[in-house]
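Presented below is the structure to which this report refers.
The values are calculated or read from the model by the stated rules, or taken from the named source; none is laboratory data. Note that the coordinates shown come from a computational prediction; the quantities given were computed from them, not determined experimentally. For neighbour counting, all protein chains shown are included, and Cβ atoms are generated from backbone atoms with ideal geometry for every residue, glycine included. Accessible surface areas use protein heavy atoms only, side chains included; no ligands, DNA or RNA. Shrake-Rupley method; radii C 1.70, N 1.55, O 1.52, S 1.80 Å.
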Amino acid sequence: MCLAIPAEVIELLPDQMARVSVDGVGKLVSVALLDELAIGDYVVLHVGFALTRIDPEEARRTLALLGQLGAEVLA
Amino acid sequence: MKYVDEYRDGKLARGVAAAIARDSDPARNYALMEFCGGHTHAISRYGLEDLLPGNVRMVHGPGCPVCVLPVGRIDMALQLAAKPNVTLCCYGDLMRVPGSRGNSLLRAKAAGADIRMVYSTLDALVIAEAEPSRDVVFFAIGFETTTPPTALSIRLALKRDLGNFSVFCNHVLTPSAIERILACDSDGVRIDGFVGPAHVSTVIGTAPFRRFAQDFAKPVVVAGFEPLDVMQAILMLIRQVNDGRHEVENQYIRAVTEHGNRIAQAEVADIFELRENFEWRGLGQLPDSALRLKDAYAGFDAERRFALDDISASDNPACECGAILRGVKRPAECRLFGTVCTPETPMGSCMVSSEGACAAHWSYGRFRDHARRKTA
Amino acid sequence: MSARQRHLKLDLAAGRVELSHGAGGRAMAQLIAEVFHQALDNEWLRRGNDQSAFDVAAGRMVMTTDGYVISPLFFPGGDIGSLAVHGTINDVAMAGARPLYLSASFIIEEGFRLADLKKIADSMGRAAREAGVPVITGDTKVVERGKADGVFISTAGVGVLPHGLDLSADKARPGDKVLLSGSLGDHGVAVMSRRQNLAFETTIQSDSAALHGLVGEMVAVAGAGLRVMRDPTRGGLAATLNELAQQSCVGFRIDEDGLPIKPQVAAACELLGIDPLYVANEGKLIAIVAPEHTDAALAAMRAHPLGREAAIIGEVVEDEHRFVQMTTAFGGGRIVDWLAGDQLPRIC
Ligand code: SF4
């Protein structure tokens, strides 16, 4: 696989770098592969590079759907 | 952890498991292949098998870049590392992978080679900058996910004029491997559907999988690597199979789009080009399945710079990885499994990384073999 | 160097260890006096002998030895000096014994900064005083530059075991409970956060601590029910349970939901692709306790500052295969296997 985890952008730095936080653990990473990044965005982090932004709305929808599945069947 | 813990919730899992039990047709079998080691890992690590009905079987695919790296390429890296002026930088995963004659980077390091584990290509650049008298070679492996970071490192090395930096490129492409497995489908177990890669798809998008869904009439669901993602993808595949559909669906919609990350694709296209052929451990030579540096960047290509010759070396002939990857056999059916071949002394690709089918079964799931034997 | 200069004090701000500091002459005597005796001061060291004599209390003697090599030497929550004291005390304490005395031998690389050496010795002295277990004899050697990595410390510890206690790794029996004194992985994560090429920022501190106080409380209320205790250092919880399973010819069943792991430790492990069950601890213990003594042992642990988060994390089961099995938080089952080699950060 490609080990990658969600991280929150907490500071944008020069040279297309950023400081991200993974539940309080900080790391300097490259954001050269993404444009228009804002503080507070969540990104998927792989080998020190942010690969993609996480869409909070879609994330919420996926979870809602997962919850619904259970509610339907187990009801 | 936000966007992680929610997708590991045991309560939600029971709901999805119930939905899978309800929707799967007891009169038929479902053989679903998860291509990626990330999914294999989630399935084993969280014990998902225990939550699936008996007629839903997961076949573990070849999607781990460490596992598919042929022995010969490790031997080439060992040759590089043996050069007195070379500092070889690599990801931690590669340190223990055995080359020929039981040699590995870890052993070579113990014997005096300058091999350093890095977390990122950026760390390799830092080393190259700090030690201008050393030839710093980055041992690049990985699928589409890991290629853009390598591409960027070359761009940065160019910008910073780091003439002592180069890349030993082993980047491979997932679609070619999936195609090979589908083409072999006739001699293997029929695979009813694919769980498509998560992080590879953040870069390439879901579009490239459309071809497989159409040409081979197989459903594909691109899914995240958290256990609930995998469960939901299984449910989506079962529904497609039941309906006779074969579409590309996107379960990992929070991170994957149809067309992926265009910036990353452009970086890769600028630096790399296709190799006509490349050997995959367990799958053999696959056409158009790997990348090399373009001529314009030849100076950064360690293979050219150090005039490395291709080495080909073969695995233990008793290894059943090929059959396991095609779903014909299970790890425990290999003669070498757990005797000669263990994660400490891997004989074949499936045992090399913790994500390989054999390693995952050995490290997390082998208690089930004993339980099975007892009840049988 | 003139005779007059020799009487100057060591330059503890900018000076470095030289080969002469290990050569048996005046320089060595000065180093020992100004760094080690100053830091570790007690009635035994003050007598300046090559050994120390002490009275033995009633009971059986316990003895252990340990070596400390760690990179980096200073990490959040401790350093090699405090670690050596805590680790040695804990090895004695895991027998149920009361640690009495320690020895410490230093192997120092030529060129090592005196200021750092002093910091390490001071921290060692502080840890020993806090624990009430003095370092009563020691040794110093200096090796040429490149022949060591800064400083190595090797220790011995002796303690006394009350009559009637006999804890041992082959004593776990099916039905016994597995108690863990607190959160997993803090030490390993704190150390890794400072390693070159891995560096990440965390507020996690090493849990390095002397556990004999906690052990004393447990022995007092549940002594007869204590089968075996271990501190899950290298290889973490996973290695310890697998060792015990082998030695006692049993299996373990543990529950992932019950494992205390701090969010930052979990996050750092995700970042590096490693499993907190395999990460080292230096201030935690695992106790295998007979079922009827479990409540008392757990209550005693929770009443002690180093066991506030103590929990029952699983039990001993019969298993000819000696598997450590875990029910995952997700509801499935898995093995917690021996670690294959070292745990390396991975990308896939
Ligand atoms: S157990 Fe080892 S030899 Fe057998 S198939 Fe798996 S990797 Fe190959």
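Some values worked out for this structure:
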item	result
Kirkwood estimate for the protein assembly as shown, i.e. one over the average of 1/r between Cα atoms, Å	28.4 Å
For the range C:239-283, residues shielded by at least 20 square angstrom of accessible area compared with the chain on its own, probe 1.4 Å	C:256, C:263, C:264, C:267, C:270, C:271
Distance (nanometres) between label positions extended 7 Å along Cα→Cβ at residue B:288 and residue C:139	7.0 nm
Value of [θ]222 nm, deg cm²/dmol, for the protein assembly as shown, DSSP H segments ≥ 4, -39500 (n - 2.57) each, nearest 500	-9000 deg cm²/dmol
Apportionment of accessible area to carbon and sulfur, the range A:5-74, percent (1.4 Å)	52 percent
For the range C:149-166, Karplus couplings with θ = phi - 60° (6.51, -1.76, 1.60), whole Hz, Gly/Pro x	10, x, 8, 10, 10, 10, 10, 9, x, 10, x, 10, 10, x, 4, x, 8, 8
Relative compactness, chain A, computed as alpha-carbon Rg over 2.2 N^0.38 Å	1.34
Accessible area of the range C:161-316 belonging to carbon and sulfur atoms, whole % at 1.4 Å probe	48 percent
Occluded residues from the range B:101-121, i.e. those whose accessible area drops by 50 Å² or more once the chain is not alone (1.4 Å probe)	B:117, B:119
Relative contact order (%) - the range B:321-364, alpha-carbon pairs under 8 angstrom, separation at least six	30 percent
Gaussian network model of chain A, springs between alpha carbon atoms under 10 Å - residue of A:63, A:51, A:13 with greatest fluctuation	A:63
Of all accessible heavy-atom area on chain B, the percent that carbon and sulfur account for (1.4 Å)	50 percent
Shielding by partners, peptide B:192-200 (average Cβ within 10 angstrom, other chains)	2
Normalised contact order of the range B:244-376, rounded percent, pairs of Cα under 8 Å and 6 or more residues apart	13 percent
Percent of beta bridges antiparallel (DSSP, the protein assembly as shown, rounded to nearest 5)	60 percent
Rg/Rg_globular for the range C:3-161, with Rg_globular taken as 2.2 N^0.38 Å and Rg from C-alpha atoms	1.04
Rounded to whole Hz, the Karplus (6.51, -1.76, 1.60) HN-Hα couplings of the range B:330-347, x for glycine and proline	9, x, 5, 7, 7, 4, 7, 4, x, 9, 7, 9, 9, x, 6, 10, x, 9
Whole-angstrom Cα spans of chain C along principal axes, big to small	74, 54, 32
5 angstrom amide H check on residue B:138, placed H, neighbours 5+ away	B:89, B:166, B:167, B:168
Where A meets B: accessible area buried, both sides, 1.4 Å probe, Å²	3600 Å²
Accessible surface, 1.4 Å probe, highest first, among residues B:370, C:163	C:163, B:370
Zone of residue B:155's modelled label, taken as backbone nitrogen in the range B:248-268 under 16 Å from a point 7 Å along Cα→Cβ	B:261-268
Shielding by other protein chains, A:51-64, mean Cβ within 10 Å	6
Accessible area per residue, Å², the protein assembly as shown with all protein chains present, probe 1.4 Å	39 Å²
Listed pairs B:83/B:159; B:109/B:329; A:27/C:284 exceeding 30 Å between Cα atoms	B:109/B:329
Listed residues B:123, B:309, B:301, most fluctuating in chain B (Gaussian network, C-alpha, under 10 Å)	B:309
Protein heavy-atom accessible area occluded, A/C pair - total, 1.4 Å probe, Å²	1200 Å²
Average Cα contact separation per residue, chain B, under 8 Å, 6 or more apart, as relative contact order %	22 percent
Whole-Hz ³J(HN,Hα) from phi, Karplus 6.51 cos²θ - 1.76 cosθ + 1.60, for the range C:52-67, glycine and proline x	10, 9, 8, 7, 9, 7, 5, x, 9, 7, 10, 9, 9, 9, 7, x
Rule-of-thumb Rg ratio for the range B:188-298 [Cα; 2.2 N^0.38 Å; N residues]	1.22
Size of charge dipole - the range A:5-74 - debye, nearest 20, with Cβ of Lys, Arg +1 and Asp, Glu -1, no other charges	180 debye
Centre separation in Å (Cα based) which lies between the range B:198-215 and the range B:274-310	23 Å
Listed residue (C:75, C:103, B:306) projecting farthest to the positive dipole end of the protein assembly as shown, Cβ model	C:103
Average beta carbon contacts from partner chains per residue of A:29-40, 10 Å cutoff	3
